[in-house]
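A short write-up of the structure that comes next.
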Amino acid sequence: MKVLLLGATGLTGNHCLQGLLATPEVERVYTLTRRPLAQTHPKLTAAEADFEHLEASAHFFEVDVIVCCLGSTIRQAGSRERFYRIDHDYCLEAARIGKARGAKAFLLMSAVGASPSSTVFYNRVKGELERDIIALHYPLLSIYHPGLLLGHRQEHRLGEAALSRVMPLLNRGLIGPLSRYRGVEADMVAHAMVNEVRELSLPELTGPRVEERHYEDIVALAVAST
């Protein structure tokens, strides 16, 4: 199958890239990034894109599956308005183009607590994105709801770095319904997404169908082929 990966330069996205390139079921991996991708591979077609004008790169969306790990923070984006543009508008536009170009499955990296009615701005943006992509009626929309993503980032996030140090201890107390709020290694989320792609049977995707992946689902998917 052919896969388009968005957000390949990010923490989870880079792990996804390595996994997809190593997956025999994936014959071609396309990436669109806002900055150069420092990697080459016989299966990889990489290009920089202007996400304000994604239609100019519409031919990259002629794939079977889209994996979207695109995202930012308000600090990185510089304002709430810019954050909304990146985390909502860019992702939604990608989903719209992909649907129009025949993509059968869309795997979306969202966040635990995402809800269009949330009082937390970050969660509300993620929730509005989910709502709007659901309305596109993909044959399969798989939404990942990880808690705090753990792993080494190129950029330093002070609050996340402090929380990451204590998250393994906090995880022990997050049991039952609270387990979905556990911190999770970014490479585990990536393994789960890659395994889901690997196990897809494209002819059976007649949908529309929406799946939500929380902590325990992510862990189960991540170890499915190990």
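Place the peptides 206-213, 141-148, 98-105 in order of packing, highest mean first, counting for every residue the other Cβ atoms within 10 Å and averaging per peptide.
Going from most to least packed, we get 141-148, 98-105, 206-213.
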Taking +1 at the Cβ of each Lys and Arg and -1 at the Cβ of each Asp and Glu, which of ILE66, VAL197, ALA111 sits farthest along the dipole of segment 2-222 towards its positive end, judged by Cα position relative to the Cα centre?
ALA111
Among HIS41, HIS191, which comes first, then next, by fewest other beta-carbon atoms within 10 Å?
HIS41, HIS191
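Take SER115, SER72, SER201 and order them by how many other Cβ atoms sit within 10 Å, fewest up front. Numbers along the way, then the final one.
Values: SER115 14, SER72 18, SER201 6.
In increasing order of surrounding Cβ atoms, one gets SER201, SER115, SER72.
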Please name whichever of HIS214, GLN76, LEU136 sits farthest to the positive end of the charge dipole of the chain, dipole taken about the Cα centre and charges placed at Cβ: Lys and Arg +1, Asp and Glu -1.
GLN76
Could you tell me which of rounded, prolate or oblate describes the chain, using a ≥ b ≥ c as the square roots of the eigenvalues of the alpha-carbon gyration tensor, with rounded for a/c under 1.5 and, failing that, prolate when a/b is larger than b/c and oblate otherwise?
rounded
If I model a spin label at VAL120 and LEU136 as a point 7 Å from the Cα along the Cα→Cβ vector, what separation in nanometres do I get?
2.5
What is the order of MET193, MET1, MET109, fewest Cβ neighbours within 10 Å to most?
MET1, MET109, MET193
If R0 = 41 Å, then GLU55 and VAL223, at their Cβ-Cβ distance, give a FRET efficiency to the nearest 0.05 of 0.55
In debye to the nearest 20, how big a dipole does segment 2-222 give about its Cα centre with +1 on each Lys and Arg Cβ and -1 on each Asp and Glu Cβ?
500
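Bear in mind that the values in this text are calculations on the coordinates, not laboratory data. As the structure is a computational prediction, the values presented were derived from the model and not from experiment. Every residue, glycine among them, receives a Cβ derived from its backbone with ideal geometry; neighbour counts consider all protein chains shown.
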